[in-house]
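The values are calculated or read from the model by the stated rules, or taken from the named source; none is laboratory data. Computed from a predicted model, the values in this text were never measured in an experiment. Cβ placement follows ideal geometry from the backbone for every residue including glycine, while neighbour counts extend to all protein chains displayed.
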Amino acid sequence: MSASLPSRKRGQKRERQGRSLREVLRILGGTWIRGNRLENPAEPRSEGKKKLLANERSFVMMIEFDPWSTVKNRDIDDEGQQKFDDIIAADEKVEPRDWMPEGYRATVIRQMAQHAHSEVIGMQPEANWILRAPTLLRKSILIAKVQDEAGHGLYLYSATETLGVSRHELEDLLHRGRQKYSSIFNYPTLSWADMGTIGWLVDGAAIVNQIVLQGTSYGPYSRAMVKICKEESFHARQGFSILMALTSGSDAQKAMAQDSMDRWWWPALMMFGPHDSESTHTEESMAWKIKRMSNDDLRQKFIDQTVPQAHYLGLKIPDPELRFDSETEQWRTGEIDWDEFWAVVKGDGPLNRERISHKVRAWEDGAWVRAGASAYADKQVEMLDKSA
Ligand code: BYC
């Protein structure tokens, strides 16, 4: 896909900056502050005042949110814009110290936050099977995998923090349903075979996407991807190993593996997002080199690598229209159920409510740990001050 830089036009300040502040906050899922009033752009104005008290905390958070500083500086940066354009054109990395258009910053925050949330919410379906893993070895591997996902979330929240937004703020947006996480984690894990299928298909899809994201233009995101990809490849292999064991086992084990394949195949294809023609962000994100391949191209890459693996396992792909196109040497699938996809993305999947309420509960239950850690950190600072 070829696209020119969206913010390149000179002499048109507003256009060059890409989006209005209201739009930036909408992308971030944030709150709009007008004078001393606080309101959510998605809600009618009359609700604004009522929200003031309820949202006091997020008011403070949004004030601290760095996009404001970019917005304040919106008129001063022809030189910054030129440097930014040069970095993108030269395929170099944009670093936190660099000036960047507010639309770029907001898009990177949105994507990285969504990615971090996915890693963290993604722990839930697998944690469900830690107590029921069939052997001690499988249990310890699964624990290590789930722990890795927490680590991935932390790298990604840390990378996002370099853009002036804290993990706490992002989690708050997630808890209030203002930011998303991957649709795939709203499906239930009904059997042990699902641990294999998640590793093989879900981590497999994530790797296809993330290998390409190593080349993303935002430096901290790109570097986080390198370590994450290494760990994800272990995850995919452990999933494949579970399925190898099941598909070479008893008839009941084979049936369990096939049932799992039947349930996860289509949701795994949905992980890559809507068709390019329906994708809101792809064109701009590709021009800014945040995304390096489009949703459909990544999905196709995943399909082409996965179909032969399914055949090797002796699993049937639940798609009567699947066929090999010998001209392009690619596997062609039937159409994804986009109604299902959008229902899940909009919060109506099988487990959306459970996933978020579990996450919020865990956050609330952890309040005493955070309080203890802060008190300890304050004490350390006090002691350092005294000894200085
Ligand atoms: N689910 O314009 P588009 C893991 C939204 S975790 C939910 O194409 P974009 C693992 C999209 O946000 C790895 N929402 O978007 C962890 C947008 O809505 P907004 C997870 C989706 O961003 C634990 C709208 O639809 N990987 O491996 O250009 C255990 C239009 O879409 C989805 C990542 O997060 C979806 N599937 O492209 C095991 C990868 N798809 O924001 C494993 C990083 C689309 O305008 N993210 N939407 O309201 C990306 O690469 C990109 O964000 C996407 C979407 C390709 C996913």
When you go through T280, T247, T306 one by one, which is the residue that is of a type in the set (S, T, Y) and touching a Leu at 6+ places or on another chain (Cβ under 6 Å)? T247
Looking only at residues in segment 197-222 that are in contact (Cβ under 8 Å) with a residue 60 or more places away in the chain and over 30 Å from V94 (Cα atoms), which one is nearest to the ligand (Cβ to nearest atom)? I198
Six or more apart or on different chains, Cβ atoms under 6 Å: show the pairs whose first residue is in segment 240-258 and among the β-branched types (V, I, T) and surrounded by 15 or more Cβ atoms within 10 Å (Cβ to Cβ) and whose second is part of a helix (DSSP H, G or I) and modelled with pLDDT of 95 or more. I242/M195; I242/G196; T247/K254; T247/A257; T247/L313
Would you mind stating whether S277 is in a helix (DSSP H, G or I) and either free of Cβ contacts under 8 Å to residues at least 12 places away in the same chain or over 24 Å from L190 (Cβ atoms) (or both)? yes
Find all pairs meeting these conditions: Cβ atoms under 6 angstrom apart; at least six residues apart or on different chains; first residue within segment 141-167 and touching a residue at least 12 places away in the same chain (Cβ under 8 Å); second residue within 13 Å of the ligand (Cβ to nearest atom) and in a loop (DSSP other than H, G, I, E, B). E149/G122
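Of all residues in segment 265-275, which are more than 6 Å from the ligand (Cβ to nearest atom) and either over 30 Å from K316 (Cα atoms) or within 18 Å of the chain's Cα centre (by Cα) (or both)? Steps first, answer last, please.
Within segment 265-275, the first condition is being more than 6 Å from the ligand (Cβ to nearest atom), and the residues that meet it are 265-269, 275.
Result: P267, A268, L269, H275.
Among the candidates D251, D172, D194, single out the residue that is of a type outside the set (F, W, Y), at pLDDT 95 or above and within 14 Å of the ligand (Cβ to nearest atom). Steps first, answer last, please.
Working: D251 fails: within 14 Å of the ligand (Cβ to nearest atom); D172 fails: within 14 Å of the ligand (Cβ to nearest atom).
Selected residue: D194, the only one of D251, D172, D194 that is of a type outside the set (F, W, Y), at pLDDT 95 or above and within 14 Å of the ligand (Cβ to nearest atom).
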Of all residues being outside any helix (DSSP H, G or I) and more than 29 Å from M244 (Cβ to Cβ) in segment 287-322, which is nearest to the ligand (Cβ to nearest atom)? Just the residue, please. K291
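Regarding P101, is this residue surrounded by 19 or more Cβ atoms within 10 Å (Cβ to Cβ), within 24 Å of K180 (Cα to Cα) and more than 15 Å from the ligand (Cβ to nearest atom)? Spell out how you get there, then give the answer.
Numbers: surrounded by 19 or more Cβ atoms within 10 Å (Cβ to Cβ): yes; within 24 Å of K180 (Cα to Cα): yes; more than 15 Å from the ligand (Cβ to nearest atom): yes.
Judged against the criteria, P101 is a match.
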